[in-house]
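Coordinate-derived values only; no laboratory data. Small disclaimer: the values here were computed from a predicted structure and weren't measured. Positions of Cβ are generated from backbone atoms using ideal geometry, with glycine treated the same way; all protein chains shown enter the neighbour counts.
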Amino acid sequence: MTDEDKDKYLDYLRNRAWDGETDINNGLTDEEIAWLVQELQESTNSNVQMSIIKTLGILDRQCHRGLIESFLTVPDCKPAHMALFVLCVYWGKTADYIEQVAAFIRGVDWDTFGDCRFWAVGIAGRYLEEAYEPRLIDALLESAEREQEDEQDGYWDKDRLIGYLEDLPGRYDMPHSVAQRIRALGN
């Protein structure tokens, strides 16, 4: 199969998966899912990887969790951020990936445009609305403090971040040192 034919077939499968939410495989056969998995394992195209990861996420194919996890450490932001999104948002496994979410918030060298960081901040925010997780709070604060020290502008809306952190569930259990860090951002 040529690359062009593969792209067309992938689009066809992806569209069927995304549109067919009524049956267990979202309209895809076991052979088609096997093709997606094999293509994900073999492809070096980050757009293809990202698309297949998302499709497997929509299909709720958690039996391929290990394969999708492997893309969290591939130094390419497209499949990495989609893997994080599938694992944490589609499959609700954020508690299992706190360290990876925190690492992406702090920034990884190969995430030059901040895509992984952007998605990780959103995932952390969503998770923190339901659970108190000091490692995520620390990563958010550390990132914001680093930007403040470097006088960077634009990524963090400090007032919004401060308000958000002050309104978290569990904020009354927050150590005094964390509360001080939040207040210090406002200065």
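Here the 3J(HN,Hα) profile of the stretch 99-109, calculated from phi with Karplus coefficients 6.51, -1.76 and 1.60 at θ = phi - 60°, is 4, 5, 4, 4, 5, 5, 4, 5, x, 10, 3 Hz, Gly and Pro shown as x. Listed by Cβ neighbour count within 10 Å, with the fewest neighbours leading, W119, W18, W110, W35 appear as W110, W18, W35, W119. Diffusion coefficient (Stokes-Einstein, Kirkwood radius over C-alpha pairs, 20 °C, 1.002 mPa s) for the stretch 13-125: 151 µm²/s, rounded to a whole number.
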